[in-house]
Amino acid sequence: MKHTPALIAAAIALSGFGGLTSASAEETVLRGVTFTPAQAYYAKSFQKFADQVNEKGKGIVQIEAVGGPEVVPPLKLGEAQKNGVADIFDLPAGLYLNLVPEGEAFAGSNHTPMENRANGGFDMVNEIFQEKGNAMLLAHVDGGAPFHIYLTKEPQFDADGNPDLTGMKIRTAPLYRSFVESLGAVNVVQSPSDVYTSLERGVVDGTGYTILGFRDFNWDKFTKYRIDPGFFQTDVLISMNLDAWKKLSPEAQAILKEVAESYEKESYEAVQTATASEDKALRDGGMEIIELTGAARDKYLNDAYTVTWERLKSRDATNHDALQEKFLDKSAN
């Protein structure tokens, strides 16, 4: 089935919400869409943000979550945002690098979201998103959770201790597809909702994801190995269709900005605690952690960051250097 903007808009309308509406003469209701199902960590986090907006914005602005992948497929979210299919989105930058390649900066950063906001990096990339994606960025939420590769069978290593995934089929997302390819694996790009069945049937030999939220999908039932350290960091953005943003009153805009900046920090801190808890649960459940050390560890991380920044440069080099200066401390890798 082709998910055209018209069909997606119809699905949202059927969910009971017809668009950016005024609940009263003053109050505006924003339709919100998430990239994960409601039971997953990241959708729950978005709901916490929405609840805070709704509390502070009574009579002025409200957010109503209308659904997740069942409403808009994750790989269509970038276009849906650009076209105004919904108003506000819980959407990783990595899902629409085809529209805004500069979104690489979020995952390719070794700073906290708060540091990137303080040094002007967030505002810099926000201007680019407005121009290329018709998107107004409000916050980089749930930051600081690295991605890992999870496998159903033990990986091979070369003579120097570097992982060699040649011949293995790994489910990936656009964000880390190139890095996984550099390890020799065959990419299978899928949305999270398809991964359980692919693991169960042996269509894929593993998947990339964060520790946080991994068990929400029950993937740990099939994956027995995890490669550490993690690479990149979560690039989940709360953003709005720019046209919908411009229709808001200055008071509504101020509330959204205030709550977004506060929640950026709150969600970052929550991610650190939740990741540690989930890591323990995975280890206690029998997952074997393959910890790279020494030169192999350094190469693994350096290759990951190099791949993502080179991909940005190859797509549009205009802002590469300026963004890298803001988002990446090369001495820290």
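We did not get these values from a lab; they are worked out from the coordinates using the rules stated. Please read all numbers here as calculations on a predicted model, not as lab measurements. Cβ atoms come from the backbone with ideal geometry, glycine included; neighbour counts cover every protein chain shown.
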Volume in Å³ per residue [convex hull over Cα atoms, computed for the chain]: 128
Calculated [θ] (222 nm, deg cm²/dmol) that DSSP helices of n ≥ 4 give over the chain, each run adding -39,500 (n - 2.57): -13500 deg cm²/dmol
Cβ-derived FRET efficiency at R0 25 Å, Glu325 paired with Thr293, nearest 0.05: 0.25
Fewest-first sequence of Ser331, Ser267 by Cβ atoms within 10 Å of each Cβ: Ser331, Ser267
Within the chain, percent of DSSP bridges classed antiparallel, to nearest 5: 55
Three-way shape label, region 201-333, alpha-carbon gyration tensor, a/c 1.5: oblate
Under 5 Å, built H, 5+ apart or other chain: amide partners of Val29: Thr21, Ser22, Ala23, Gln62
Once exposed loop GluC sites (Glu not before Pro) are cut out (DSSP; at most 14 other Cβ, 10 Å), longest piece of the chain: 71-333
Radius, Kirkwood style, for region 59-202 when every pair of distinct Cα atoms is counted (Å): 17.4
Cα-based equivalent ellipsoid of region 96-143: semi-axis lengths in Å, sorted from largest, via gyration tensor: 17, 12, 9
Residue of Val72, Val203, Val195 that the Gaussian network model of the chain assigns the largest fluctuation, springs spanning Cα pairs under 10 Å: Val203
Set Lys76/Lys265; Lys132/Lys326; Lys48/Lys82; Lys153/Lys224; Lys76/Lys313; Lys48/Lys257 screened for pairs whose C-alpha atoms are more than 18 Å apart: Lys76/Lys265; Lys132/Lys326; Lys48/Lys82; Lys76/Lys313
Among beta bridges that DSSP assigns inside region 22-147, antiparallel share in %, nearest 5: 10
Convex hull volume per residue in cubic angstrom - Cα atoms of region 291-333: 66
Exposure proxy order (Cβ contacts within 10 Å, fewest to most) of Arg201, Arg311: Arg201, Arg311
Distance in nm between pseudo-label sites at Glu269 and Tyr225 (7 Å out along the Cβ direction from Cα): 3.9
Footprinting exposure proxy for Ile63, Ile227, Ile289, Ile238 (fewest neighbouring C-beta atoms within 10 Å first): Ile289, Ile227, Ile63, Ile238
